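Worksheet: the structure to be examined is printed underneath.
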Amino acid sequence: MLAKAKEQWEQEQVDKQGEKERYLSERVAPLRTSGLSLSQLQDLCRELHEKIEVVDEERYDIEAKCNHNMREIKDLKLKVLDLRGKFKRPPLRRVRVSADAMLRALLGSKHKVSMDLRANLKSVKKEDTEKERPVEVGDWRKNVEAMSGMEGRKKMFDAAKSPTGQ
């Protein structure tokens, strides 16, 4: 796809270059400098400089008009926004769409397989999860004092080592 786009872009560049050459050949006669004397070459240069000055003046005038129009457009856009007032966006509502409905909307009539995502989930009993984690309630200060220092680190190391040995 990129190669095709690159080929098209290159073809457009070649077409533009050909059109530019054709336009210039129609508008501008080729210069014939061979066989001219020094005074004739100087006259030709003066003539070309005059033409360049005229073209530069026209370009400057057109650029000034363009900038003026751009400023005017910008000002008019600001006026339109001011006249419109503040637009308050409505709060968006959450829409629940099932996977089947989403696939139907995206694929249209091609969608034939229904997806029940909840069917593949494991069922977990809430009672089992509560039994697995016994909660010890005690004075946290005693625990901090007992675990401080090197003795506490040794106790933690021994405690971690002992359940695997059982």
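For E47, all conditions in the list (1) in a helix (DSSP H, G or I); (2) under 34 Å from the mean Cα position of the chain (by Cα) hold save one; what is the number of the exception?
The number of the failed condition is (2).
Out of the residues in the stretch 73-87 meeting the condition of being over 26 Å from the mean Cα position of the chain (by Cα) and in a loop (DSSP other than H, G, I, E, B), tell me which one is modelled with the lowest pLDDT.
Result: K86.
Would you please name the residue that is surrounded by the fewest Cβ atoms within 10 Å (Cβ to Cβ), looking only at residues in the stretch 81-107 that are in contact (Cβ under 8 Å) with a residue 12 or more places away in the chain and not small (G, A, S)?
D100
Suppose we filter the stretch 13-41 for residues that are of a type outside the set (A, V, I, L, M) and open to solvent by less than 100 Å² (accessible area, probe 1.4 Å); how many remain?
11
With the condition kept exactly as written, say whether any residue in the stretch 56-66 is open to solvent by 100 Å² or more (accessible area, probe 1.4 Å), modelled with pLDDT of 65 or more and over 30 Å from L31 (Cβ atoms).
Checked against the condition, which is being open to solvent by 100 Å² or more (accessible area, probe 1.4 Å), modelled with pLDDT of 65 or more and over 30 Å from L31 (Cβ atoms), the stretch 56-66 yields at least one hit.
The values are calculated or read from the model by the stated rules, or taken from the named source; none is laboratory data. No experiment lies behind these values; they were computed from the predicted model shown. Note that we place each Cβ from the backbone using ideal geometry, even for glycine, and neighbour counts take in every protein chain shown. Heavy atoms of the whole protein, side chains included, go into the accessibility calculation; ligands, DNA and RNA do not. Shrake-Rupley method; radii C 1.70, N 1.55, O 1.52, S 1.80 Å.
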